[in-house]
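Here the structure is laid out as structure tokens; the discussion comes afterwards.
The values are calculated or read from the model by the stated rules, or taken from the named source; none is laboratory data. Here the structure is a predicted model, which is why all the values come from computation and not from measurement. Heads up, the Cβs are rebuilt from the backbone with ideal geometry, glycines too, and the neighbour counts pull from every protein chain shown. Keep in mind that these areas ignore ligands, DNA and RNA; they rest on the heavy atoms of the full protein, side chains included. Shrake-Rupley method; radii C 1.70, N 1.55, O 1.52, S 1.80 Å.
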Amino acid sequence: MTSESEMKTVFLVKGRDKSVMRRHPWIFSGAVDAAKSDAAKAGEIVRIAAADGTTLGWGAFSPESQIRVRVVSLDAANAPGGGFVEERVAKSVARRADLLASGRTDAVRLVNAESDGLPGVVADSYAGHVVCQFTSAFAESRRDEIAASLMKCAKGTKGVSARSDVDVRAKEGLPVGGFETIAGEEPPELIEISEGPVRLLVDPRRGHKTGFYLDQREARAAVGALAKGRSVLNCFSYTGGFGLHALAGGAAHVTQVDISHDAVELARRNAELNFADRAGRDMDFVEADVFKYLRTCRDSGRKFDLIVLDPPKFAETRSQVMKAARGYKDINLLAMKLLAPDGVLATFSCSGAMTSELFDKILAEAAEDAGRDFQIVARTRQASDHPVALSFPEGLYLKGLILRCS
Ligand code: SAH
């Protein structure tokens, strides 16, 4: 760490210090007075100063990104010390100690980026094999230190790997692509994890995100608890998580639908792993486009008692929200029509750009068009190991409703 006297300074444009004052962790390039500021290296810690020179805090510089500085500390009187990365990793891991000790799962998000004070750092542990995504210049420049800290602070960590196939890396000027083990041992091709009553195989190299959707853990448990005796349609099933929880919860039958051949294959293997005796009989797998499959069910008059809709992100940006809204309305309307009396719809949106209010409105419109009454039984959000800093509402991306029809 550079000593405070040698530290470079980034000056904000007059009047552009409001977001820092609100404790928001991002400073955009337009807020930086480039002519007055020092040139810093990618990931270097800089002093953040108001136009009049007052120290506001400290942040990591990113020369190529629109997000020019990621704030790491607002303690104006003290620059972050040399060990601050390890301290934050330790704190982040400690915050998950109860979840890990609960025995409910051995697959946990250990670090959730900005909301855990480590901008652009995501670390997910799958039975001790940690898979990271580094999506900021800060995260990339500290990856060895982060890996060493995880090995030291997260008990039972066997190794730490980095997945770099995330498009947002390009926005930070970081290379895209590849999987690399950076500390400890290489993970196996498939890692077996447990989540409540279910075991799942996770592919750390080719699976989505870091391999699995840990963010839906609590929603999968909620669906499992509602599944008893029901016929279940799990749309956008990926590796089958919701459907496996439903069967474990006593569902009469589960249909898993996903467009990806690899996802369906892994879902089949997961079914074998958990329900070798029932898998062939009480669970079937459909490789299809959900938009089309729901129409096929509608046309054939098929009904279900519980439908899960967990689509991929339909909107990447705010400008795509209106188009995304049509997609959400389409699948929700179709699903609402397929529900048997007293049926349950568990419906989700993982588009950060889609607000909770707009999602509610889309669902209300879909119910209106379906001509059916629904009650909100529960709301879900990303699991508690994906916390959201109050000053960083962008961190909340996953919203869900569990609806029951009359
Ligand atoms: N519910 C899953 C996560 C779903 S991720 C879980 O709990 O683990 C979204 C999934 O939707 C991906 O597996 C992707 O392959 C699938 N998908 C994307 N577009 C699709 C479409 N049009 N029809 C069916 N599946 C689709």
At 7 Å along Cα-to-Cβ for each site, give me the label-to-label distance between THR54 and ASP360 in nm. 3.8
Selection from ALA227, VAL202, ALA389, by position along the positive dipole direction of the chain (Cβ): ALA227
Using 0.36 nm times the number of residues separating ARG199 and GLU6, minus their current alpha carbon distance, what extension gain do you get? 64.3 nm
Please identify which residues in segment 239-272 have an amide N closer than 16 Å to a label point set 7 Å out from the Cα of ASP289, following the Cα→Cβ vector. 258-261
Residue-normalised value, i.e. accessible area per residue, for the chain at 1.4 Å probe, in Å², stands at 43
Have a look at the DSSP beta bridges in segment 213-405 and tell me what percent are antiparallel, nearest 5. 40
Any chance you could list P(r) for segment 85-231, counting all Cα-Cα pairs in 5 angstrom bins from zero, rounded to whole %? 2, 10, 20, 22, 20, 13, 7, 3, 2, 1, 0
Label zone at LYS14 (point 7 Å along Cα-to-Cβ), backbone N below 13 Å, segment 51-89: 51-53
Stretch VAL377-ALA90 to full length: gain in nm at 0.36 nm per residue minus the Cα-Cα span? 99.6 nm
Over every pair of different alpha-carbon atoms in segment 4-73, take the mean of 1/r and invert it; report that Kirkwood radius in Å. 11.5
Using a 10 angstrom cutoff on alpha carbons, build the Gaussian network for the chain and name the most mobile of SER194, SER349, SER102. SER102
Hey, any idea what Rg/Rh is for segment 213-405, computing Rh the Kirkwood way over Cα pairs? 0.95
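With all protein chains present, how much of the accessible area of the chain (probe radius 1.4 Å) comes from carbon and sulfur, to the nearest whole percent?
On the way: 9010 of 17450 Å².
After summing per-atom areas, the C and S share lands at 52 percent.
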DSSP-defined antiparallel bridges as percent of all bridges, the chain, nearest 5: 65
20 Å-binned pair-distance histogram of the chain (Cα, whole percent): 26, 52, 21, 1
Cα shape, segment 284-367, gyration tensor, a/c 1.5 rule: prolate
Under 20 Å Cα to Cα from LYS91, which lysines show up? Leave out anything in the same chain fewer than 8 places away. LYS152, LYS155, LYS158
